[in-house]
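Shown next, in structure tokens, is the structure this report addresses.
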Amino acid sequence: LACGHHRCAFPVSHNELCVWNTATAQPLYLSGHHYSISALSFGTKTNPLLVCSASRERVIVWDLDECTQKVQEGFTPRGIVIGTLLGMVLHIRFSPDDQQVAVCAGNQIYMLSAKNEAILAELDGHLAPVTAAEFCTWEKSMLISVSEDRTFKARKLVWDYSTSQLIYQSGIITAFPLLSLLIDEENKQIITGCAEGQLWIFSLISDHNYRCVAHIDLKKKQEKFCNKVWKSGKEIGEGQNNSKLCETDNTRPEGSVETSLPILLIEHCDFFVCFHNEENTYSSQNTSYFWIGTSTGLLIVNLANFELEAFLSYRDYSDLSIRIARSCALTRKAANGKVLCLITSMFEDMIAVLEVNLAALVRTQHSDFLPRGNEKSLSVIASSYFFPSLSNHYFRVIECKLNYFPTGGKNTVKDKPLVFHNKIKSSGYTAAPQMTMFSPNTNLKKKEVSKWKTSCKCKNKEYPLESYPPIKYEKEISVTCKPTPIFCVQYSGDGELLACSLADKTLLIFNSSLTDVRNVFSGHDGAVNSVGWSHDKKWLVSASEDRTLRVWSACNKEPALILGKEKFHKTVRFAQFYFIDTFILLCCGAEFHLLSFHLDTTKDDLKRYKQRSVCKLVQKFPMTSTMEITSLSAVNEFYSYIVLTAGSNRALEVFDLNAGCSVAVIQEAHVRSVHQICQNKGSSFSTQHPEAYNLFVTTAAGDGIKLWDLRTLR
């Protein structure tokens, strides 16, 4: 998504770009991509006004004035292709003079010319996908980038952007990927946010050496602000229930789990422009404010005292059907005291344009401002398919069902909330959830395979769609001296290591090229039936027929955590990390357990036998009418609330851990018991992509393989 210069840009039909002029309510459709658009950005100047769109096969710059003129003359508008086959592009940004474009694709940043197809420079150094990059306006040719490797880098681009010099490289800031970035020109600072609701502010002043100025925990700030508003008797928005909003740890329902608050966007806020006629402005005019966009709402933060000034929650407006946002964009400048916000739904092909009355929003949440009339901070005028009725309305909020198929196609998206079944209560899609276990889930529809290289290093590559599936094995290795069943094999997230659990009570780690055994783990008293990698590749979890669970350090043969037989009444199976290493999931009989844990590998010299790591049962989830769970599937690569189980009764059951219950059961999913469930697993922070998160699941049983759409249960 992108907002700027009274325009909103977003993809429709996956590969078509729509630029909507909010002043005239006229859409402009631009076609030129063959694959889905994954990144958008407006230029910094208005003459000419440029917009750049990127997909995995090409990057295109569009002159909007020229394209509009072409459409009026009856011609098809064309853009300038400035890059091809760069891979999955996660973020793009114009330079201050609109002459260059920084393209973040995978672990690299490509500097492209905005006028022709030319790669000026390739910037590497990050160890994971780059999620955002910004140009520093007061320091010529300086580029700041953040990445999923949890670091930021500052580079100086010289010689017409053809070469770069690394000025500063931070250490690992947090345990969670960095998702967003903003450069505060006024205070010469950078602000970055992660998937856990944490903000860091670093100084860019030359003699400060990029020191950390502030660290803000938005979850705590939000709870403190809501409690303050609740005590003062103020309402937060229209029709809002403060008691739900202000739940603290003491009032949280039993069995619920404290979750993350992913920061999708950081943008400047024209706070005082909206109060230019107010006499009782309560803060200094020199104070800076900025917007924070999360998956559940918008926040305004005061940069002087790092406190919240306002909070708008999507779920607290009954007319807005989007409760959880996958991505969002905001206009930097307010028009008539109002700000446009563009959000997409996590679960539906829906987009909403919000017009937020900043003054009214702040008045309802601060006793410093007196309410004036019946102003509303958010309202809905129309909900319809795109665009015919827009010219007849001046909108506050417009929700649009995006038809992701070409106009006139056979398939359409139904205009109704996304639920698993019409007889099953929605698991939080149309009602406010008890807790928020979501982040932008942008898992791409692509297959990644390990491609062998002569250097014996494995690197994930996109599988060529025009090629046949692999039918020949590349290498074979014997793991033991005598025939031994192998129960489970698992690649690490980067595809470089392979874990293997055996019936001889051991666990092995190989290089993905199968050239070397990296480590051997022993300690179980029974066959090791399952093994799983942590997201950061530092830990492994294993389950055994001896009814124990162990967590191992990938570089240490001693277990960091052991759960003994007294914890489980039956054999432990399908152990895995969950929710980006926040929890552990495992199956025991006809139920699966959700465990929280803390790992500590340090030893006390006097009590070396005592385990310092701790693990606590959060909740047990029994499967309906079955004797034993035969398969379990959950995603650890990004924040996902769905857990799928299959039982000996041949049923497939869907659990919503956000609601803390089962939400759908598919009886007789197969003729025989399902022995494997597979979900599309990819990095959600890597892309801002409209079709990335899909509810398609594959199951395998003795009678064959089936592909399920969980939206229709078929």
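Of note:
- Rounded to whole numbers, the Karplus 3J(HN,Hα) couplings from phi for region 138-149 are 8, 10, 4, 6, 9, 10, 10, 9, 10, 8, 5, 6 Hz, using 6.51 cos²θ - 1.76 cosθ + 1.60 with θ = phi - 60°, and x at Gly and Pro.
- Per residue, region 1-172 exposes 41 Å² of accessible surface when a 1.4 Å probe is rolled over the protein heavy atoms with every protein chain present.
- List D97, D207, D149, ordered by accessible area with a 1.4 Å probe, largest first: D207, D97, D149
- Accessible surface, 1.4 Å probe, highest first, among residues K603, K557: K557, K603
- Residues whose placed amide H lies under 5 Å from that of Q189, excluding near-sequence neighbours: D184, L204
- Highest-first packing order for the peptide set 173-180, 117-124 is 173-180, 117-124, based on the mean count of other beta carbon atoms within 10 Å.
- Amide H to amide H distances under 5 Å link V213 with I201, F202, S203, where only residues 5 or more positions off or on other chains count and H is placed in the peptide plane.
- Efficiency of FRET from Cβ geometry, C481 and T287, R₀ 60 Å, rounded to 0.05: 0.25
- For region 1-172, the relative contact order works out to 12 percent when only alpha carbon pairs closer than 8 Å and six or more residues apart are counted.
- On full extension, the segment bounded by D536 and K565 gains 7.6 nm, given 0.36 nm per residue less the C-alpha separation.
- Accessible area of W539 (1.4 Å probe, protein heavy atoms only, ligands and nucleic acids ignored): about 50 Å².
- Overall, the accessible surface of region 1-172 at a probe of 1.4 angstrom is composed of carbon and sulfur to the extent of 48 percent.
- Net lengthening on full extension, Y468/L85 (0.36 nm per residue, minus Cα-Cα): 135.8 nm
- Amide hydrogen neighbours beyond the local backbone of H524, cut-off 5 Å, H modeled: none
- Rolling a 1.4 Å probe over the protein heavy atoms leaves V671 with an accessible area of roughly 110 Å².
- Here the Karplus relation 6.51 cos²θ - 1.76 cosθ + 1.60, evaluated at θ = phi - 60°, turns the backbone of region 187-193 into coupling constants of 9, 6, 9, 10, 10, 10, x Hz, with x for every Gly and Pro.
- Karplus-derived 3J(HN,Hα), 6.51/-1.76/1.60, for each residue of region 80-94, Hz, glycine and proline x: 9, 7, 10, x, 9, 6, 8, x, 6, 7, 9, 7, 9, 8, 6
- With all protein chains modelled, accessible area of M350 [1.4 Å, Å²]: 10 Å²
The values are calculated or read from the model by the stated rules, or taken from the named source; none is laboratory data. On a predicted model such as this, the values are computed, not experimentally measured, just so you know. With ideal geometry, Cβ positions are generated from the backbone for all residues, glycine too; neighbour counts draw on all protein chains shown. Keep in mind that these areas ignore ligands, DNA and RNA; they rest on the heavy atoms of the full protein, side chains included. Shrake-Rupley method; radii C 1.70, N 1.55, O 1.52, S 1.80 Å.
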